[in-house]
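For reference, the structure is listed below as C-alpha cells.
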Amino acid sequence: MASNSNVVFGDEESQLSGGTNRVQPCSSTPRKNTIDDDGKKQNFLSLSQRLGIQDFFCLDVWRASMGELLGSAVLVFMLDTIVISTFESDTKMPNLIMSILIAVVITILLLAVVPVSGGHINPVISFSAALVGIISMSRAIIYIVAQCLGAVLGALALRAVVSSSIEDTFSLGGCTVTIIAPGPNGPVTVGLETAQALWLEIFCTFVFLFASIWMAYDHRQAKALGHVTVLSIVGLVLGLLVFISTTVTAKKGYGGAGINPARCLGPAIIRGGHLWDGHWIFWVGPTIGCVAFYVYTKIIPPKHFLAEYGFKHDFVGVVKALSNV
C-alpha cells in the first residue's frame, strides 16, 4: 500500500519526508493499520477515531493551526491590497494584472505554510481534505476556525493602512455580489443575480479542486511533480479562475468568485454593510463544490488515490461508524 507521505495538502505530519520537524501522532495508542493482508479495508475504527476527536486535545494540532491563522491573515491583506491597487492603477487590463499577482502571492504563501500545517489557508481545502479522509474532520474544524480568525486579522490590518475613501470605494476588497450605485433616478442595485453567483461559486470551486488540488491529494502526482510544481499549479489555477470569473461576467458590483469563504468573511466582519448581502453564497457554493468533488473521488477507480491508513477519516467511513453507534 502506498504511503501518503507525499500528499501535499495533508497535515503537518506528512510534509517533510526527511524526518526533521515531523510532528508525532498525538495519541499514545499506536495506530492500527486498517488494511488487512489481502489489501482489504477493515472497519473496526470507532466513531471518535474516524472523526479524529483526539486532535482537539493535541497541542501540536493547535500549534499547527497558528500557521493557518497567520497564513490566512497575510493572504487576506495581500489579496485585498492587490485588488485595490490594480483597480486604482491606470492599467487597461486590471483583471489580468490582478490575477497574475494573486497566483504569485498564493504560491509563495502555500510554500511558506505547507511545512507548518499542510498549507491549507482556505476552508475549501480543509473541508475537502476532511471529506476525502486526508485529515480528520476535527482537524478541519480547528483549521477553518483559525483561517476565519486570520482573515479577520488581515482585514483589520488592511483597514489600518488604507484611507477611509479607499475603504468606502473598495469595501476592503471584500467579496460582493451586488452593490448600491448611483443611477439616473436615484440609487440602484447593480451586480450579479443570486443564482448566477451561486452556480459560478460551485463551478469554480469544483474546477479548483479538480484541476489543481487533486494533484496534491494524489500521492503519485505529488511525488512525480514535487511540492513546488504542485503549489505553483494551485496558484496558477486560482489566478485563472479569478480572471475568468471577473471577466466573463463583466458585471459592475460583482467582485468575482470567492473560492475562499474565510477571505470573504474577514472584510465582511470588519466592514459590514453590503458585504453581508449574499454572503451565504460564498459558503454554500464552495460547500456544494467540495461535496461534488468528493463524489467524483468515489466514482473514479480507487487506485487513483491511496492512503496509508485506508482513508481513516473518509466521510463514508464516518457515516458507517455513526450508524454503528
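The values are calculated or read from the model by the stated rules, or taken from the named source; none is laboratory data. Quick caveat, the model's predicted, so the values are computed rather than measured. Heads up, the Cβs are rebuilt from the backbone with ideal geometry, glycines too, and the neighbour counts pull from every protein chain shown. For accessibility, only protein heavy atoms count, side chains too; no ligands or nucleic acids. Shrake-Rupley method; radii C 1.70, N 1.55, O 1.52, S 1.80 Å.
Results, tabulated for the structure shown:
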{"item": "Complete set of residues in the range 135-163 that are assigned to a helix (DSSP H, G or I), farther than 18 Å from residue 269 by Cβ and without any contact (Cβ under 8 Å) to a residue 40 or more places away in the chain", "result": "140, 141"}
{"item": "Which listed residue is modelled with pLDDT of 80 or more, within 26 Å of residue 88 (Cα to Cα), of a type in the set (A, V, I, L, M) and not in a helix (DSSP H, G or I), from 259, 244", "result": "259"}
{"item": "Tally of residues being surrounded by fewer than 20 Cβ atoms within 10 Å (Cβ to Cβ) and touching a residue at least 24 places away in the same chain (Cβ under 8 Å) across the range 46-57", "result": "6"}
{"item": "Qualifying positions in the range 208-229 - out of contact with any Ser or Thr (no Cβ under 8 Å at 6 or more places or on another chain), open to solvent by less than 60 Å² (accessible area, probe 1.4 Å) and either assigned to a strand (DSSP E or B) or among the aliphatic types (A, V, I, L, M) (or both)", "result": "211, 215, 216, 222"}
{"item": "Condition check for residue 96: within 23 Å of residue 55 (Cα to Cα), hydrophobic (A, V, I, L, M, F, W, C), in a helix (DSSP H, G or I) and open to solvent by 20 Å² or more (accessible area, probe 1.4 Å)", "result": "no"}
{"item": "Odd one out for residue 254, checked against (1) within 18 Å of residue 87 (Cβ to Cβ); (2) assigned to a helix (DSSP H, G or I)", "result": "(2)"}
{"item": "Matching residues in the range 232-250 - criterion: being open to solvent by less than 60 Å² (accessible area, probe 1.4 Å), of a type in the set (A, V, I, L, M) and closer than 18 Å to residue 263 by Cβ", "result": "234, 237, 238, 241, 242"}
{"item": "Checklist (1) modelled with pLDDT of 85 or more; (2) open to solvent by 20 Å² or more (accessible area, probe 1.4 Å) applied to residue 201, failing item", "result": "(2)"}
{"item": "Filtered residues of the range 272-287 (kept if open to solvent by 30 Å² or more (accessible area, probe 1.4 Å) and modelled with pLDDT under 90)", "result": "273, 274, 277"}
{"item": "Residue 204 touching a residue at least 40 places away in the same chain (Cβ under 8 Å), closer than 27 Å to residue 121 by Cα and not in a helix (DSSP H, G or I)", "result": "no"}
{"item": "Test: residue in the range 101-119 that is touching a Cys at 6+ places or on another chain (Cβ under 8 Å), closer than 28 Å to residue 230 by Cα and either among the small types (Gly, Ala, Ser) or at pLDDT 85 or above (or both)", "result": "no"}
{"item": "Qualifying position, being in contact (Cβ under 8 Å) with a residue 40 or more places away in the chain, surrounded by 19 or more Cβ atoms within 10 Å (Cβ to Cβ) and over 15 Å from the mean Cα position of the chain (by Cα), among 132, 104, 83, 113", "result": "83"}
{"item": "Qualifying positions in the range 111-134 - assigned to a helix (DSSP H, G or I), within 22 Å of residue 291 (Cβ to Cβ) and not hydrophobic (A, V, I, L, M, F, W, C)", "result": "123, 126, 128"}
{"item": "Residue tally, condition assigned to a helix (DSSP H, G or I) and surrounded by fewer than 17 Cβ atoms within 10 Å (Cβ to Cβ), over the range 166-198", "result": "5"}
{"item": "Sole exception among (1) more than 24 Å from residue 301 (Cβ to Cβ); (2) in contact with a His (Cβ under 8 Å, 6 or more places away or on another chain); (3) not basic (Lys, Arg) for residue 247, by number", "result": "(2)"}
